[in-house]
Structures are given as structure tokens and as C-alpha cells.
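Inspection log for the structure reproduced underneath, given as C-alpha cells.
The values are calculated or read from the model by the stated rules, or taken from the named source; none is laboratory data. As the structure is a prediction and not an experimental result, all values here were calculated from the model. Cβ coordinates were reconstructed from backbone atoms using ideal geometry, including for glycine residues, and neighbour counts include every protein chain displayed. Surface accessibility is based on the protein's heavy atoms, side chains included, excluding ligands, DNA and RNA. Shrake-Rupley method; radii C 1.70, N 1.55, O 1.52, S 1.80 Å.
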Amino acid sequence: MNRVLITGASSGIGLQLAQDYLFEGWQVVACGRSHDKLAQVLSGERVEYGVFDINDRDAAAGALSEVAPVDLAILNAGTCEYVNDAHAFDAELFERVVQANLIGTGNCVAAVLPRIKTGGRLALVSSSVTFVPLTRAEAYGASKAGVDYLARTLAVDLNAARVAVSLIRPGFVDTPLTRKNDFPMPGRVSPEQASRAIRRGLARGRSEITFPTGFIATLRLLSWLPHGLWLSLARRMKKEQA
Ligand SMILES: NC(=O)c1ccc[n+]([C@@H]2O[C@H](COP(=O)([O-])OP(=O)(O)OC[C@H]3O[C@@H](n4cnc5c(N)ncnc54)[C@H](OP(=O)(O)O)[C@@H]3O)[C@@H](O)[C@H]2O)c1
């Protein structure tokens, strides 16, 4: 029976992935900070729990040290906070977000790699925010740009026959993380749609998984604009949001 480990399995994209893999007959190692929260949303014979804060390297290593080998590990846990005023740059907020999304993901990579079966796959969840510099996303975008680079270098340095690597860059998904956003979210998809796109990409062995198609195509086009042109466009979008 296939086994998948998912961080951030208590909510949003991670929860939907866990539910869908269970439905497909997989065994799921569901990770989050609270056993009770995980147990409320995921239970049954094929569910195990990994309870730790990804910011705590020792806790991550300890919680996963006894986990039986998995075919797939999806490092999805993360957070998002936006910078309110770049002139009064909030370094604490910046540290919080980079710590969880980048350093926390590094802690999980170290803890989970020895638990992935030979021929298995490691997937890192980044974001489509890294296509272009978006207003107020200094912390979130920088943390996810780090995750992009981490995944791409791991793909170079890990023996692909031992562990293959996938980078996942979703557009907007309707989860508790985005429900607090106070701006329009073009192309927002449901967690079910996100899970389908991710599972299909992973099953096909894709090294990079992006969705939804139309929104990603627009971001790709915008990323090809000369920087000056993008700057004036982004500033206009910022004014419209204000
Ligand atoms: N939603 C989107 O539009 C979107 C778009 C692109 C990328 N993403 C990325 O997708 C991932 C999942 O996001 P989501 O929208 O599903 O968010 P969500 O509903 O808020 O879920 C976040 C998950 O991460 C876990 N988590 C957060 N901080 C943690 C920590 N310090 N230690 C352990 N677990 C922690 C949470 O667990 P607890 O229950 O313990 O809080 C929760 O299970 C994130 O990496 C996010 O950046 C989301």
C-alpha cells in the first residue's frame, strides 16, 4: 500500500490532499501542530499523526524518526502575512514568515528525507507569487522564492533514482489562509481542484506543478515584461487596491 506524508494536513490544501489520498487507498501520515485538530478532521486505520511545529528542528526530526518509510512526502505547511507599509518595514513579520515557510521547510526536508523510500518523491509547496513581485508580498514572496530555489537545487543534488523532487506553485486556493485576504484573487480555485491538480502532477512525475492554467499563463506573460513596465503596472494595481 502506498504511503504519503503531508505537512499542514489539518487545514486547506494539505487536508484536502490527505482526504483524497485516503479515498484513493493510501496510508497517510498527517502532520500538524495539534494532535486534537488533526484527529478532528482525519481519522481511521490508515491515518497516523506527526505532531510538531516546523519551526522546531529537533521536534520535527523526533516526530518523524519512528515513521515507517513513505513513497511520497509533501511539505505543504506554511503561513502568509502581508507587509502593511514597506516604508516602516516590519522585520519581525519578515522573520516570522521566512522562518516558517523557508527555514521550517528546511527542517522538514532534513527530517523526512531519510524516511522516503528509494524511488520515492519529495514535493515542496511554494506559490505562484514568485512569478512576479506583487505588492505587500515582500515576506511571503521572499520565503517562497527561497522554497523554489531549495526545491530546484535538491532536484539537482539528490540522486533522482533515490528521491525525485517536485516543486508545486499554486495560484489562489480558497482556504483559511486566503479567506482573510482583503484584495481580489483572480482565478481562485477550490481545495478539491487544487488537490486534483497536485495529485495528477505528482502521479505523472512532474518536476514542477502549477495551476490554474489561465492564471499561471497570465503571470508568465507578466514576468516576461521589462522590469520598468512591470513596475508601473504593479504600482497602478496597488493604487486600485488601496
Ligand atoms: N491558499 C492559497 O491560495 C495558496 C496559494 C499558494 C501557495 N499556498 C501554500 O500552500 C500551503 C498550504 O496553505 P493553505 O492555503 O492550505 O493554508 P491553511 O489552510 O492556513 O493551512 C496551513 C497548514 O500549515 C500548518 N502550519 C502552519 N504553520 C505551521 C507550523 N509552524 N508548524 C506546523 N504546521 C504549520 C497549519 O497547521 P496548524 O493546524 O497547526 O495551524 C495548517 O495545517 C502553504 O505553504 C501556502 O503558502 C497556498
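You can think of it this way: the chain between Thr218 and Leu113 has 34.3 nm of extra reach, that is 0.36 nm per residue less the Cα-Cα gap. In the context of the full set of protein chains, residues of the chain present 50 Å² of accessible surface per residue (probe radius 1.4 Å, heavy atoms only). Over all pairs of different C-alpha atoms, region 1-84 has a mean inverse distance whose reciprocal, the Kirkwood radius, equals 12.9 Å.
Listed peptides 17-28, 123-134, 150-161 appear in the order 123-134, 17-28, 150-161 once ranked by packing, highest mean of other Cβ atoms within 10 Å at the front. Full extension of the chain between Asn55 and Lys180 gives 42.7 nm of extra length, using 0.36 nm per residue less the Cα-Cα distance. The stretch between Arg206 and Asn159 holds 15.3 nm of extra length on full extension. This uses 0.36 nm per residue minus the Cα-Cα distance. Here region 95-209 exposes an accessible surface that is 54 percent carbon and sulfur, computed with a 1.4 Å probe and the other protein chains kept in place. Magnitude of the charge dipole for the chain, about its Cα centre and with charges confined to Cβ atoms of Lys, Arg (+1) and Asp, Glu (-1), is about 840 debye. In this Cβ point-charge picture (+1 for Lys and Arg, -1 for Asp and Glu), region 168-242 has a dipole of about 100 debye about its Cα centre.
Spatially close Lys pairs in region 3-241, defined by Cα atoms under 27 Å apart and a spacing of eight or more places or different chains, total 8.
Label-to-label distance for Thr79 and Tyr149 is 2.2 nm, based on points extended 7 Å past Cα in the beta-carbon direction. Geometric descriptor of the chain, per residue, is 126 Å³ (volume of the convex hull of the Cα atoms). Suppose only helical runs count, i.e. DSSP H with n ≥ 4. What mean residue ellipticity at 222 nm does that imply for the chain under -39500 (n - 2.57) per run, divided by all residues and rounded to the nearest 500 deg cm²/dmol? After summing the helix terms and dividing by residue count, I get -13500 deg cm²/dmol.
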